[in-house]
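Quick notes on the structure that follows.
FYI, it's all coordinate maths here, none of it is from the lab. No experiment lies behind these values; they were computed from the predicted model shown. When we count neighbours, we look across all protein chains shown, and the Cβ atoms used for this are built from the backbone with ideal geometry, even at glycine.
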Amino acid sequence: MKLRQFALVVFLVGGFWFATTHFSSNLNPLKLIGTRSADSPLELSEAHAAPEFDAEEQNNISVYRRVLPAVVNITSRAVTFNFFYGNVPQEGQGSGFVLDKAGHVLTNFHVIEGANRGIEVKLSNKRSYKATVVGTDKVHDLALLKIDAPDLQPVILADSSQIAVGEKVYAIGNPFGLSGTMTQGIISSIRSIRSTDGAPIEDAIQTDAAINPGNSGGPLLNSRGEVIGINTMILSNSDQNAGIGFAIPINTAKAVLSDLTRYGQVRRPSLGIVSYAIGPDLADQIGLAASYGVLIQKVVPGGAADRAGLRGGSEQAWVGNQPVMLGGDLIVAIDGQQVTDPQDISVIMDKHQAGDSVSVTVMRGRRQMTVKVVLGEARAVNT
């Protein structure tokens, strides 16, 4: 009996030992779900082929690779004085883009404004060059720089008059110092706005592509990688993007680049008049022959309008608290384009240079007439 019990114990112990040493990985009831033994390898699932980009991704990548070498980072350095007349070094950053192989670079005026200790331009290959200022146009917030660098790759400029709301756009620049950053969006609207200095920006391109501090001066591109605008400002309650950014149309820059290159400043064309916008109500009150237009209150002596024989007002009246000179010619069109206020004239002037001829249609009393006017250079006049 005792021998049988002993044999049973030996059998049970031996069976337990055999099971735990030979079948532990499968039969161990104490093994927790999700644990691995020390010799179990980590198995990862990896792709065995290069990624396949869809058509949109391929275009994004193509535009970025093609345009990036033309986009530059701009660092402007200045020294100001504090309350105790101590030197206070300052540094600002922005973006720009190469216009030609000669080294001309376009950016915003506010990016390099006050840079009395030099301007540095860094290319996408990380090489830096000192830049000289060729010319500036504060009104349009534009600045033309020049660097001496080899093998430059310029951008291609589009015709911004052909853009449309809903069109896809890209912005490449240096937001918050993060060079080579590309964002994507659409054209949200095309509207006239005023810059932070109060200067009008006609046909500004509104976009929801992320534009942040440091993007200023960089290119806004269409889906073909052509420049349609210069990123210039954001509408936000802080310094960060809120989905509303604005770019200066590239056609505006084209109109002033020739002057910047030749004269270092813009010789802005002008009719040489002091003007006043007329609406239907006021036109009825003063008995004008047209219900809209720009009334010439005064012609600047020796100016374009004066030389062409256009007439200013001769009788003073009051509109509210503002004096208005009546009796002058009423401009209703320039080159066949309807004119309803001085803003319309400014838009037309942006398409011309001093010395160009334009056809000005006016109402003189009840008679309509068209006069050829050779544009002068803007001075301290309204239009």
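Gap in Å between the Cα centre of segment 162-215 and the Cα centre of segment 331-383?
Segment 331-383 and segment 162-215 have Cα centres separated by 30 Å.
Can you pull the one-decimal nm distance between simple spin-label points at Arg77 and Ala277, each 7 Å off the Cα toward Cβ?
4.6
Treating only the Cβ of Lys, Arg, Asp and Glu as charged (+1, +1, -1, -1), what charge dipole size does segment 269-377 show about its Cα centre? Round to the nearest 20 debye.
Charge dipole, segment 269-377, about its Cα centre: 380 debye, nearest 20.
Lys372: which lysines have alpha carbons under 19 Å from its alpha carbon, excluding same-chain residues fewer than 8 sequence positions away?
Lys298, Lys351
Let me know the charge dipole size of segment 242-317 about its Cα centre in debye, to the nearest 20, where only the beta-carbon of Lys, Arg (+1) and Asp, Glu (-1) is charged.
The dipole of segment 242-317 has a size of about 480 debye.
Of the listed peptides 172-178, 193-199, what is their order by residue-averaged count of other C-beta atoms within 10 Å, with the highest listed first?
In decreasing order of mean packing, 172-178, 193-199 become 172-178, 193-199.
Based on the Cβ-Cβ distance of Glu377 and Asp100, what FRET efficiency does E = 1/(1 + (r/R0)^6) give at R0 = 30 Å, to the nearest 0.05? Mind showing how you got there, number by number?
Values: r = 26 Å, r/R0 = 0.88.
In this case the efficiency is close to 0.70.
Exposure proxy check: Lys168, Lys130 ranked by fewest other beta carbons within 10 Å?
Details: Lys168 16, Lys130 11.
Ascending Cβ contact count within 10 Å gives the list Lys130, Lys168.
If each residue of separation counts as 0.36 nm, what is the full-extension length gain between Asn125 and Asp159 once their alpha-carbon separation is subtracted?
This chain segment gains 9.4 nm when fully extended.
To make sure I understand the rule: partners must be lysines, Cα under 27 Å from the Cα of Lys122, and not fewer than 8 residues away in the same chain. Which ones qualify?
Partners within reach: Lys101, Lys130, Lys138, Lys146, Lys254.
Which stretch or stretches of segment 297-340 have amide N atoms under 12 Å from the point lying 7 Å from Arg364's Cα along the Cα→Cβ direction?
Under 12 Å, as judged by backbone N against the label point of Arg364, lie 308-312, 328-330 of segment 297-340.
Determine one quarter of the surface area of the Cα convex hull of segment 66-146, which equals its mean projected area, and express it in nm² to one decimal.
Result: a mean projected hull area of 5.9 nm².
With unit charges on the beta carbons (Lys and Arg positive, Asp and Glu negative) and the dipole taken about the Cα centre of segment 271-347, which residue among Pro301, Tyr276, Met325 sits farthest to the positive side?
Pro301
What FRET efficiency do you get for Asp151 and Ala49 if R0 is 45 Å and r is their Cβ-Cβ distance, rounded to the nearest 0.05?
Working: r = 35 Å, r/R0 = 0.78.
Efficiency, from the Cβ-Cβ distance: 0.80.
Tell me, in nm to one decimal, what length is gained between Ser314 and Asp356 on full extension, where the rule is 0.36 nm per residue of separation less the Cα-Cα distance?
12.3 nm
Would you mind putting 223-234, 299-310 in packing order, based on average other-beta-carbon counts within 10 Å, highest first? Don't skip to the answer; put the middle values down first.
Values: 223-234: 22.5, 299-310: 18.7.
The densest-packed peptide leads the list: 223-234, 299-310.
To the nearest Å, what is the center-to-center distance of segment 271-329 and segment 50-82, using C-alpha atoms only?
If we compute the Cα centre of each part, the gap is 49 Å.
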